[in-house]
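Below: the structure, in structure tokens.
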Amino acid sequence: MSVVRGKRAALFFAAVAILLGLPLWWKTTETYRAPLPYSEISGLNALQLRLMVPVTVVFTRDSVPLDDQEKLPFTVVHEREIPLKLNDWSGCCHFLVYKMKIKCRFQKAYRRALEHEEEALSLHSVHEAEAMLAEPEKQAEGSLTVYVISERSSLLPQDGGIRSSIWRTDSCERATIDMMSYIGPERTAVVRGLIHREAFNIIGRRIIQVAQAMSLTEDVLAAALADHLPEDKWSSDKRRPLKSSLGYEITFSLLNPDPKSHDVHWDIEGAVQRYVQPFLNRLSAAGNFSVDSQILYYAMLGVNPRFDPASSSYSLTMHSLPHVINPVESRLGSSAASLYPVLNFLLYVPELAHSPSTFRTRTELQWPPMLSTVPAGVALWIYNVDPKIYNASELPVRVEVDMVRVMEVFLAQLRLLFGIAQPQVPPKCLLSGPKSEGLMTWELDRLLWARSVENLATATTTLTSLAQLLGKISNIVIKDDVASEVYRAVAAVQKAAQEVALGHLSSAFAASQEAVTSSERAFFDPSLLHLLYFPDDQKFAIYIPLFLPMAVPILLSLVKIFLETHKSWKKPEKTD
């Protein structure tokens with residue numbers, strides 16, 4: 001009887017351990033992984049963007065033949081794929097820089113000019129025409145308006161010898177003969193018409209050239225996607241623009257290494273209010289900005305300049321610029337505590353013993369010493385003191401910094417840091433200078449186009465890397481909040497792609513920013529690292545001492561019961 005009771009007890013313990021204990025242990029020790037949209041993320045890796053630029057083309061009287069005017073209004077769509085290829089350092093071959101396919105679609109809506117537009121375009125000054133054509137409602141972001149004027153119109157110069165401060169061309173400021181187009185500071189342009197049987201085709205090609213210069217080009221997108229390119233695909237003289245961010249911190253620093261000789265004064269507050277702040281206000285759509293300033297005394301450069309007898313000045317080589325900046329950078333304030341990129345603009349007044357100083361390129365001295373930017377986001381300009389001051393007064397001499405000249409250089413460098421380069425205008429095209437803010441409206445639109453593409457590329461890369469990481473390492477915990485951020489990022493990428501295809505630049509840029517924020521928030525979530533340092537061998541070291549003392553008696557009892565039962569089955573029955 002006791003033998004039967006022992007067998008039943010062993011079977012009961014085995015049943016409880018297998019049917020209840022093992023599933024309970026498995027459930028309580030499993031790694032929680034919320035479901036993720038892996039299929040949608042893999043689809044984003046081959047995302048094809050269609051950037052639609054709405055272009056309104058307005059034809060005045062006598063700009064095209066009468067037969068063509070009768071066809072108005074109608075819509076023409078011009079689509080081209082941006083190859084995103086970049087020359088290598090030798091310029092002899094091309095490389096594919098990013099596998100995301102991007103197509104630019106210009107939707108041209110042709111119509112006749114209204115009465116007030118005819119009156120404005122009949123004037124003799126482009127500025128007067130632009131002021132009269134200023135519509136009460138602001139044009140949509142990313143859209144363009146091109147006015148086609150008569151072939152004989154005097155709105156664009158047809159004779160040489162006309163000099164005006166508003167005209168800027170690739171080589172000079174002198175208007176040339178028979179200008180074919182004009183690009184204004186707003187989202188407007190003027191193209192000269194043509195009386196020809198193929199007028200629409202010829203004028204259409206001119207309009208496309210102007211629209212491409214005012215919107216997206218291969219160079220603009222290649223610069224925006226610079227972080228996604230291998231280092232060897234960029235030449236050393238190409239400057240990478242700042243990475244897209246929700247905000248930027250700008251610091252202006254005055255470095256006075258020799259206060260015993262120089263009593264330097266600069267009106268940085270007034271200069272920022274007059275020159276920098278209007279520019280940043282126009283650029284506020286691309287991010288938030290904070291500006292501060294400081295004066296650093298006894299801030300010495302890390303490299304002593306060498307005296308050049310030929311120029312009677314001290315020179316610093318361009319390749320030594322990082323070594324020059326490193327000692328000063330430690331006193332600028334650490335950027336590690338900031339969530340946003342930090343830009344440092346340094347105005348360095350050389351000490352009396354090394355004055356005047358300049359930069360030396362490979363071939364010649366750079367005089368006056370212009371601004372040079374290093375990869376760390378630090379810009380340096382050497383401000384030399386006039387030697388005549390030393391003869392007229394005792395040390396320390398009072399130095400009044402010319403803030404107009406300084407801010408002119410700093411603003412030009414700030415434009416380059418944000419990727420706002422001089423546009424490549426078509427031949428015989430007049431380019432108006434920027435407004436007082438230092439930024440044309442269509443340049444801001446072009447920056448937002450490039451930032452939207454960059455954000456989509458960054459978000460797609462981040463989501464793809466996260467999906468691959470979670471697929472390879474199975475013991476990473478995926479919480480519900482991380483999964484929600486991933487879903488939000490995928491939805492934002494899809495929404496941004498739809499908005500750029502519809503030409504809605506403002507909403508597309510906002511959605512792309514949300515995609516980057518959510519994807520990086522999910523990728524850098526601290527909970528993803530909790531179990532990465534808990535390998536499988538440690539699991540065996542923990543669980544074997546727990547289960548082995550309990551499992552051995554149960555297994556031996558089961559084996560014994562199995563053998564006895566098997567033996568009883570084989571024992572023959574006795575017969576009388």
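The values are calculated or read from the model by the stated rules, or taken from the named source; none is laboratory data. The model shown is predicted, which means the values in this text are computed figures rather than measured ones. Heads up, the Cβs are rebuilt from the backbone with ideal geometry, glycines too, and the neighbour counts pull from every protein chain shown. Note: accessible area is taken over every heavy atom of the protein model, side chains too, but ligands, DNA and RNA are not part of it. Shrake-Rupley method; radii C 1.70, N 1.55, O 1.52, S 1.80 Å.
Taking first residues from segment 50-65 that are of a type in the set (S, T, N, Q) and modelled with pLDDT under 90 and partners that are assigned to a loop (DSSP other than H, G, I, E, B) and open to solvent by less than 10 Å² (accessible area, probe 1.4 Å), the Cβ contacts under 8 Å between residues at least 6 apart in sequence or on separate chains come to S63/G193.
Tell me, yes or no, whether segment 388-402 has at least one residue that is surrounded by 20 or more Cβ atoms within 10 Å (Cβ to Cβ) and of a type outside the set (G, A, S).
So far as segment 388-402 goes, no, none of its residues is surrounded by 20 or more Cβ atoms within 10 Å (Cβ to Cβ) and of a type outside the set (G, A, S).
Under the condition of being hydrophobic (A, V, I, L, M, F, W, C), assigned to a helix (DSSP H, G or I) and more than 20 Å from A508 (Cβ to Cβ), the residues counted in segment 478-492 number 3. Every condition in (1) assigned to a helix (DSSP H, G or I); (2) surrounded by fewer than 20 Cβ atoms within 10 Å (Cβ to Cβ) holds for S474 except the one numbered (1). Residue pairs whose Cβ atoms lie under 8 Å apart, separated by 6 or more positions or on different chains, with the first residue in segment 122-151 and surrounded by fewer than 20 Cβ atoms within 10 Å (Cβ to Cβ) and the second modelled with pLDDT under 80 and assigned to a strand (DSSP E or B), do not occur. Tally the residues that are farther than 13 Å from L431 by Cβ and open to solvent by less than 10 Å² (accessible area, probe 1.4 Å), restricting the search to segment 193-214. Qualifying residue count, segment 193-214: 6. Restricted to strands (runs of 3 or more DSSP E) entirely inside segment 304-362, those with at least 2 residues that are closer than 23 Å to P396 by Cα and at pLDDT 75 or above are 313-317, 342-348, 357-360. Scanning segment 424-457 for residues that are of a type in the set (S, T, N, Q) and surrounded by fewer than 21 Cβ atoms within 10 Å (Cβ to Cβ) gives Q424, S432, S436, T441. Can you name every residue in segment 403-423 that is among the small types (G, A, S) and either surrounded by 19 or more Cβ atoms within 10 Å (Cβ to Cβ) or over 18 Å from the mean Cα position of the chain (by Cα) (or both)? Listed by number, the residues that qualify are A412, G419.
Number of residues in segment 493-507 that are in contact (Cβ under 8 Å) with a residue 60 or more places away in the chain, assigned to a helix (DSSP H, G or I) and open to solvent by less than 60 Å² (accessible area, probe 1.4 Å): the value is 5.
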